[in-house]
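These notes are about the structure you will find just below.
The values are calculated or read from the model by the stated rules, or taken from the named source; none is laboratory data. Note that the coordinates shown come from a computational prediction; the quantities given were computed from them, not determined experimentally. Neighbour counts are summed over all protein chains in view; Cβ atoms, including those assigned to glycine, are modelled from backbone coordinates with ideal geometry. Quick note on the areas: whole protein, heavy atoms, side chains included, nothing else; ligands and nucleic acids left out. Shrake-Rupley method; radii C 1.70, N 1.55, O 1.52, S 1.80 Å.
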Amino acid sequence: QALEGLQNIRNRARDVSSNDWSGESAIQKWTTSLIGIGITPRFKDIKDQARKIEIIKLHEDFVKKSDADGVLNLYGQQTLVTRSWLDAGEVFVRERPRLLDDGLPVPVQLQVIEAEFVPMLDADTMVGLKVGNRIRSGIELDKRGRRVAYWVHKEHPGDKHNLSITAEQLVRVAASQMCHIYEPKRPGQLRGV
């Protein structure tokens, strides 16, 4: 199997980037090359100048409040996503809808999720799993093999000592609310290495 020993590979890669200057340097250089100080949109197709200024202001406000964890701005999240992807081979970004009265400029925030939060779980039956769907490597697939959801730990799995995974420990996140960043290197590969 292509993903055999994936957690050991991740642990070793993270050890190198955390404890070896050359590993950290490589991650930093790639991140800087890919992201720089942040990828910013260009609003050049908007003819109405007042509308364009309004959209730019809305975007600037969103940048400041984009992080569901309340730590980074959007550009910091871009850097974190890139570092995590290079470090672990994959990373997830979850769209978190918010209420209109939460006081946010746009009623949505983004949550960067470490690869370990989506377990390497395979199941054909489980509480909450639609009949006919199956879970492969933590990703729910429909009868046609399309991604319909991701099964995500409620807490970091490294914080627990119990090795068995139950439905109560996971939350089902619709694929439409999850961005899975990884580079497939084989046809049909579901997870990043």
Legend entry - With 5 Å bins from 0: P(r) over region 85-164, alpha-carbon pairs, percent: 3, 12, 19, 18, 18, 15, 10, 4, 0
Inset, instruction - For the chain, give the magnitude of the charge dipole about the Cα centre (Cβ charges: +1 Lys/Arg, -1 Asp/Glu; no others), in debye to the nearest 20. - result: 720
Inset, instruction - With the cut-off at 19 Å, report for region 13-137 the share of all Cα pairs above it, as a whole percent. - result: 64
Legend entry - Percent carbon-and-sulfur accessible area, the chain, ignoring ligands, DNA and RNA, probe 1.4 Å: 54
Inset, instruction - Provide, for q = 0.12, 0.14 Å⁻¹, the log10 of I(q)/I(0) from a solvent-free Debye sum over equal Cα point scatterers in region 55-193. - result: -0.54, -0.73
Inset, instruction - Would you work out if region 59-103 is rounded, prolate or oblate? Take a ≥ b ≥ c from the square roots of the eigenvalues of the alpha-carbon gyration tensor; rounded if a/c is under 1.5, else prolate when a/b is larger than b/c, oblate otherwise. - result: prolate
Legend entry - Helix-only mean residue ellipticity at 222 nm for the chain, each DSSP H run of n ≥ 4 adding -39500 (n - 2.57), per residue, nearest 500: -10500 deg cm²/dmol
Legend entry - Candidate lysines - alpha carbon under 17 Å from residue 44, same-chain residues fewer than 8 apart omitted: 52, 57
Inset, instruction - Counting only GluC sites (Glu not before Pro) that are in a DSSP loop and have at most 11 other C-beta atoms within 10 Å, tell me the longest site-free stretch of the chain. - result: 5-154
Inset, instruction - Calculate the spin-label point distance for residue 54 paired with residue 121, positioning each point 7 Å from the Cα along the beta-carbon direction, and give it in nanometres. - result: 4.4
Inset, instruction - Taking each pair of different alpha-carbon atoms in region 22-94 once, compute 1/r for the pair, average those values, and report the inverse of that mean as the Kirkwood hydrodynamic radius in Å to one decimal. - result: 14.0
